[in-house]
Amino acid sequence: MTSDPGELALVLHTHLPHLAGHGVWPVGEEWLLQAWGTSWLPVTRTLERLGAAGHRELLTLSVSPTTAWQLADARLADELASWLAAAMWRSEEQRWHHLMGTEVTSLGPHWWRHYRDLGEYHGDVQSRGGLLAVWDALARAGIIELLAGPATHPYLSLEPDPAMIDAQLASGIAAHRAWTRWTGGLWPPELSYRPAGRVGDPTRPPRRVDADGTPDLERCGAEREGLESHYARHGVTHVLVDGPTLVRAAGGAERDWTHRPEPVPAGHDAPEEVLHDGVRIGDSEVIAFGRDLSVAYHVWSPTEGYPGDAWYLDHYATGGFGVHRSWRVTDRSLPPDAKAPYVPERAEARAVEHAAHFVDVTRAALRGRPGGLVVAAYDTELLGHWWHEGPAWLGHVLERVAAAPDLRTTTLASRAERRPPDRRLHLPESSWGYAKGHASWVTEETRPVWETLRESVDLARRTLAGGRGRAALRDEVAREVALLQASDWPFMLTRGRSPGYALDRISRHAAEVRRLCAEIEHGPEDAGRGSHDRKTALPVPDPVAFVDALDPGSAG
């Protein structure tokens with residue numbers, strides 16, 4: 001290794017909303033089992049294999065509290081074992097399917113072995129305490145860093161109540177500490193950031209909407225602290241933001257952020273140079289790292305990326321009952337029924353080639369920048385669930401970097417400790433969504449969602465004021481409000497990912513807030529009826545901080 005190699009910080013965000021007990025198929029618990037079985041398990045298996053080989057500081061893994069609560073649920077772990085066994089059975093059905101050609105039926109044994117191995121690994125992981133225990137062991141061994149997150153993954157930059165921001169952070173960090181050691185890192189949901197000032201109001205029509213759909217929101221209420229002040233108050237030392245957030249703060253020009261930007265050669269003192277280290281946010285000591293889209297977008301972007309390669313497994317060509325997905329991308333312009341059969345050996349070869357390419361573009365981005373940093377961040381679900389070959393690609397990338405004398409992998413915490421930044425920037429309001437603003441969460445069709453959330457919060461505040469209501473009922477009101485705040489619901493509406501399910505969840509949580517508040521208002525409180533008695537066993541947010549936020553008079 002050279003004296004000052006370039007550094008690659010891979011960051012994976014492991015998150016799903018709270019799905020347990022809220023539907024089964026095709027979105028509810030099925031979504032959770034798909035992500036758990038096809039992404040989180042194979043990615044963890046890769047990390048354990050490389051860790052056993054002596055590799056350290058491989059990547060940073062964010063685990064949202066809603067994910068952690070569900071991974072700790074023994075019933076769901078049993079459901080995953082059954083789900084993987086059913087996938088093996090489907091492989092056998094595929095082997096003898098009389099409506100499919102031999103190119104497809106011959107893949108049956110391939111899928112049988114794939115799901116058998118995952119099932120065996122799942123059993124091994126559960127025998128060691130489950131994924132949370134394995135991730136904790138990887139972190140304690142210095143193989144990965146684990147990031148905390150707010151309790152229910154809210155879109156913090158549009159939260160007008162400072163007490164609710166603090167409740168989300170306090171509850172989420174406490175949940176993280178309950179299963180692992182925390183090193184101060186936090187994944188802000190949707191990489192959303194808001195500076196000090198008045199908060200945008202998504203319940204009102206925007207002043208204008210630009211060509212990318214980004215709304216210019218009306219500002220309401222009093223001047224508020226920037227999010228970095230909340231982070232510092234809760235002991236957060238470093239966070240992630242999207243690259244354009246730092247580039248804009250450094251004076252960079254606006255551009256089409258949906259396409260991969262060209263890397264800027266070293267020595268030009270361009271605004272993009274800010275991406276190759278962390279910065280301190282404003283006057284705080286909180287460090288922000290920005291992902292480098294010129295590198296990260298080679299894997300996945302709104303318009304391109306490796307998973308669209310012709311030889312990779314097509315996620316959308318399902319083939320119907322009794323058959324696993326067994327067709328390759330072929331050509332993205334073709335309908336699913338026109339795709340060519342999958343060839344696992346060719347897909348594996350492409351994963352090797354794309355790993356080599358990714359390491360090459362990382363090296364090129366760091367050329368002339370001794371000790372410089374490239375941050376590439378993705379949803380963990382991309383690797384395995386959306387991109388079947390993703391875990392294999394990840395392993396090849398990590399092995400190639402480990403073998404390179406001019407590169408090394410790093411965690412965000414390690415980088416911040418070894419090379420604390422001295423640059424300070426005042427960051428603009430932003431996210432990692434479409435066009436890097438609020439366009440993926442705030443539209444005409446999501447306005448009723450934000451209105452429902454505000455109405456539910458207002459009702460809860462009025463009802464709980466002065467300590468009214470039995471403790472169990474107050475806790476359930478707080479939990480339902482917290483679950484309503486998930487950023488997943490408006491995103492699913494704007495991006496067309498099961499919008500019906502999102503609307504149903506919003507409606508159900510809001511209705512439960514109304515029902516619980518009515519029971520507090522009108523009693524009898526000891527009637528022993530209602531869903532709050534059934535929900536106490538579910539892994540949902542610790543309500544204490546949320547009750548205090550809704551009823552400040554009850555605190556202390």
Original post:
Within the accessible area of segment 265-348, what % is carbon and sulfur when the probe is 1.4 Å and the other protein chains stay in place?
Top reply: 54 percent
**OP:** Would you kindly state how much longer the chain becomes between Ala340 and Ala53 on full extension, computed as 0.36 nm times their sequence separation minus their alpha carbon distance, in nm to one decimal?
**Re:** 99.6 nm
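At most 15 other Cβ atoms within 10 Å plus a DSSP loop assignment makes a site exposed; report the longest stretch of the chain without any exposed chymotrypsin sites (Phe, Trp or Tyr not before Pro).
Working: sites that count: Trp96, Tyr316, Phe321.
Excluding the exposed sites themselves, the longest stretch runs over 322-556.
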Subject >> segment 172-230 - convex hull of the alpha-carbon atoms, volume per residue in Å³ >> reply: 123 Å³
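Over segment 312-367, what is the mean sequence separation of C-alpha contacts under 8 Å (at least six apart), divided by residue count, expressed as relative contact order in percent? The partial results should precede the final answer.
Working: 50 pairs, mean separation 14.8, N = 56.
Taking the mean separation of contacting Cα pairs over the length of segment 312-367, I get 26 percent.
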Original post:
In whole Å, how far is the Cα centre of segment 1-30 from that of segment 323-365?
Top reply: 21 Å
Original post:
For a paramagnetic label modelled at 7 Å from the Cα of Glu445 toward its Cβ, which residues of segment 490-515 fall within the zone defined by backbone nitrogen distances under 12 Å?
Top reply: 490-503
**OP:** For the chain, return all DSSP H helices satisfying: extent of Cα atoms along own axis at least 27 Å; mean Kyte-Doolittle hydropathy at least -1.0.
**Re:** 74-95, 344-366, 499-522
**OP:** Take the alpha carbon atoms of segment 260-280, find their center, do the same for segment 86-120, and report the distance between the two centers in whole angstrom.
**Re:** 47 Å
**OP:** Kindly report the accessible area of segment 84-157 per residue (heavy atoms of protein chains, probe 1.4 Å, no ligands, DNA or RNA), in Å².
**Re:** 43 Å²
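On full extension of the chain, what length is gained from His315 through His426, given 0.36 nm per residue of separation minus the C-alpha to C-alpha distance?
Details: separation 111, 0.36 × 111 = 39.96 nm, distance 4.04 nm.
Extra length available between His315 and His426 comes to 35.9 nm.
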Original post:
Between Asp269 and Glu30, what is the FRET efficiency for a Förster distance of 56 Å, r being their Cβ-Cβ separation, to the nearest 0.05?
Top reply: 0.65
Original post:
Using the beta-carbon distance between Glu348 and Ser301 and R0 = 22 Å, what value does 1/(1 + (r/R0)^6) give for FRET efficiency, to the nearest 0.05?
Top reply: 0.40
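If I take every Cα pair under 8 Å that is 6 or more residues apart in the chain, average their sequence separation and divide by the length, what percent do I get for the relative contact order? Display every interim value, and only then the final one.
Numbers: 1029 pairs, mean separation 117.3, N = 556.
Averaging sequence separation for qualifying contacts and normalising by length gives 21 percent for the chain.
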Original post:
In terms of modelled amide H atoms, which long-range or inter-chain residues lie less than 5 Å from the amide H of Asp314?
Top reply: Trp327, Arg328, Val329
Original post:
Using alpha-carbon positions, what is the distance between the centroids of segment 427-487 and segment 195-212, in Å?
Top reply: 17 Å
**OP:** Counting helices only, and only those DSSP H runs with n ≥ 4, report the 222 nm mean residue ellipticity of the chain as the sum of -39,500 (n - 2.57) divided by its residues, in deg cm²/dmol to the nearest 500.
**Re:** -13000 deg cm²/dmol
**OP:** Determine how large the accessible area of Leu47 is when every protein chain is in place; take a 1.4 Å probe and give Å² rounded to the nearest 10.
**Re:** 0 Å²
**OP:** Take the Cβ-Cβ distance between Cys220 and Trp96 as r, set R0 to 60 Å, and report the resulting FRET efficiency rounded to the nearest 0.05.
**Re:** 0.45
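Can you pull out the trypsin sites (Lys or Arg not before Pro) in segment 381-424 whose DSSP state is coil and whose Cβ has at most 15 other Cβ atoms within 10 Å? The partial results should precede the final answer.
Numbers: sites: Arg400, Arg408, Arg415, Arg418, Arg423, Arg424; in loops: Arg423.
Answer by residue number: Arg423.
The values are calculated or read from the model by the stated rules, or taken from the named source; none is laboratory data. Nothing here was measured: the structure is a model prediction, and the numbers come from that model. A quick note on method: Cβ atoms are made from the backbone with ideal geometry, for glycine too, and the neighbour counts reach across all protein chains shown. The accessibility values were calculated without ligands, DNA or RNA, using every heavy atom of the protein model including side chains. Shrake-Rupley method; radii C 1.70, N 1.55, O 1.52, S 1.80 Å.
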